[in-house]
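The values are calculated or read from the model by the stated rules, or taken from the named source; none is laboratory data. Quantities reported herein were computed from a predicted structural model and do not represent experimental measurements. Note that each Cβ is placed from the backbone with ideal geometry, even for glycine, and that neighbours are counted across all protein chains shown.
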Amino acid sequence: MSNIPMQQLAKVLRQNGLIRFMEHYAEMFPDSHLKDLVVDDSEPSRRIMINGRKVVNFGSDSFLGLDQDSRVQESLIQGTHKWGTHNGASRAFASVRANVEAEEKLARWLGTEAALIYPSVTLANMGAIPGLVGKQDLLVVDEHAHNSIQEGAKIAKANGVRLVNFSHCDPMDLERVLRASKPYRIAIVAIDGVYSMTGALPPLRALDAVAQRNDAVLYVDDAHATAVMGKQGRGTVLDALGHYDNTFVIGSLSKGFSCMGGFIGCTEEFKMLLKMRSNTYIFGGPVPPPYLEAVCTVCDILMSSEYDLLVGRLRKNCRQFTDGASRLGLAVLGGETPIISILVGDEADTLQAGSILFQQGFYVQSVTFPAVPYHGGVLRVQINANHLAESIEGLLNAFEALQRSIPLPGPEALHRQAA
């Protein structure tokens, strides 16, 4: 059959603006695109093999390097011996003891009354957000919130919930939006604790004050701060607010934890309510038990005095890179977190810049529209605790050489972008 429906479907999808945009750049820059890569080998110092080339990986979000920790690895091995590779049931029916223990340890470490584990942060957001609001309620989302928050918001909207956006990290605009949207029964304000493309931090205290004045609850996706920011790695919320009285905090069990899954820190009451209202908890499948054993081990590390040594190495590496990038006169976005982006601007320049760094032995992520605003392309550098000082120095030297090939914006471009 020459024209079966499946072929028609592919043709229709290829007419989508985003797909056409991405295929256009993949065609124009086949050697510079550096997406959908395959890693053939990996070393503890973050050297990886891609396309037959050894490069230093500055694209890993295993920030503390715990993926290479022998205790975490041994927990996975022992968990496999104890539980097998999977427990084979929805958590609505049964959870392994390791799941209960992991949630108890997470709550104790985080400082919340309870924690509820999901298979991923994306599934947490896509299940909890629609589960927390109904048709009489309001959902308010930061315009730059993570894709998984946006997707959860779409489901809530399809369920009849009113959805509005407010300007990025702007408490005054949040106040305007909440007041203009009244009356409502209750509102949820969904934001990131760290914005993953730039490393920007929201003004949590001001946003919380606005929320409380307007019958709204904060919902903070703190995935990119989990284990790397705040006291003992508890993230941004507790340090900023001093409590979780009016806040749901969502954390990642990959990234800084180097395991698998996501979680919501909340009260015991909301834990039970989310178990009943969150479809992705019921139908999303469980985290495999060996990873839950590893989560318990990571919690022990985060709650120990060793954490200060780990995060100290990470912060030293971050300072080395940000100080060096500033000396080069680059436009540095972030710096308070291990996600540090260098502004490039033009999409073609951004892709070519990433390729030039790759040829020099360094992999960073070339991020373009739609993940960032159009002509707001960045080179996204993710610093890890187990990066060697000479690797960071080498990356800075590669950026210096890059400036001779592609004119990179200076710090003044950040002021123009903000305006």
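Restricted to segment 103-130, and to residues there that are in a helix (DSSP H, G or I) and more than 21 Å from the chain's Cα centre (by Cα), the residue that is nearest to Leu238 (Cα to Cα) is Arg108.
Only one entry in Ser2, Ser32, Ser45 is modelled with pLDDT of 90 or more and either among the aromatic types (Phe, Trp, Tyr) or not in a strand (DSSP E or B) (or both), namely Ser45. Of all residues in segment 291-305, exactly one satisfies the criterion of being in contact with a Lys or Arg (Cβ under 6 Å, 6 or more places away or on another chain) and of a type in the set (Ser, Thr, Tyr), namely Thr297. Would you pick out the residues in segment 273-295 that are surrounded by fewer than 24 Cβ atoms within 10 Å (Cβ to Cβ) and of a type in the set (A, V, I, L, M, F, W, C)? Those that are surrounded by fewer than 24 Cβ atoms within 10 Å (Cβ to Cβ) and of a type in the set (A, V, I, L, M, F, W, C): Leu273, Leu274, Met276, Ile282, Phe283. Taking first residues from segment 85-101 that are farther than 9 Å from Leu292 by Cβ and modelled with pLDDT under 95 and partners that are basic (Lys, Arg) and surrounded by 11 or more Cβ atoms within 10 Å (Cβ to Cβ), the Cβ contacts under 9 Å between residues at least 6 apart in sequence or on separate chains come to Arg91/Lys275; Ala92/Lys275.
Is it true that some residue in segment 183-200 is surrounded by 21 or more Cβ atoms within 10 Å (Cβ to Cβ) and over 30 Å from Leu414 (Cβ atoms)? Yes: one or more hits.
When you look at Gly160, is it over 27 Å from Tyr307 (Cβ atoms), out of contact with any Cys (no Cβ under 9 Å at 6 or more places or on another chain) and either in a helix (DSSP H, G or I) or among the polar types (S, T, N, Q) (or both), yes or no? It is false that Gly160 is over 27 Å from Tyr307 (Cβ atoms), out of contact with any Cys (no Cβ under 9 Å at 6 or more places or on another chain) and either in a helix (DSSP H, G or I) or among the polar types (S, T, N, Q) (or both). Screening Thr337 with (1) out of contact with any Phe, Trp or Tyr (no Cβ under 6 Å at 6 or more places or on another chain); (2) β-branched (Val, Ile, Thr); (3) part of a strand (DSSP E or B) gives one miss only, at (3). Val311 satisfies every condition listed in (1) in contact with a Cys (Cβ under 6 Å, 6 or more places away or on another chain); (2) outside the structural domain of Gln150 (by TED's automatic domain parsing); (3) not hydroxyl-bearing (Ser, Thr, Tyr) except (1).
Note on segment 297-306: among residues that are buried (at least 18 other Cβ atoms within 10 Å of the Cβ) and not aliphatic (A, V, I, L, M), the one that is farthest from the chain's Cα centre (by Cα) is Thr297. Restricting attention to segment 233-272, the residues being of a type in the set (A, V, I, L, M), buried (at least 24 other Cβ atoms within 10 Å of the Cβ) and not in a strand (DSSP E or B) number 2.
Looking across segment 377-401, the residues that are free of Cβ contacts under 8 Å to residues at least 60 places away in the same chain, surrounded by fewer than 22 Cβ atoms within 10 Å (Cβ to Cβ) and either in contact with a Leu (Cβ under 8 Å, 6 or more places away or on another chain) or not hydrophobic (A, V, I, L, M, F, W, C) (or both) come down to Glu390, Asn397, Ala398. On the basis of being touching an Asp or Glu at 6+ places or on another chain (Cβ under 9 Å) and outside the structural domain of Ser341 (by TED's automatic domain parsing), does Arg47 make the cut? No.
So, Gly329, is that one modelled with pLDDT of 95 or more, in contact with a Pro (Cβ under 9 Å, 6 or more places away or on another chain) and not assigned by TED's automatic domain parsing to the domain that holds Ala107 or not? So Gly329 passes the test. May I ask you to list the residues in segment 77-99 that are in contact with a helix residue (DSSP H, G or I) (Cβ under 8 Å, 6 or more places away or on another chain), part of a helix (DSSP H, G or I), over 13 Å from Cys296 (Cβ atoms) and not hydrophobic (A, V, I, L, M, F, W, C)? Thr80, the sole residue that qualifies. Note on segment 369-401: residues that are farther than 25 Å from Gly312 by Cα and of a type outside the set (A, V, I, L, M, F, W, C) total 7.
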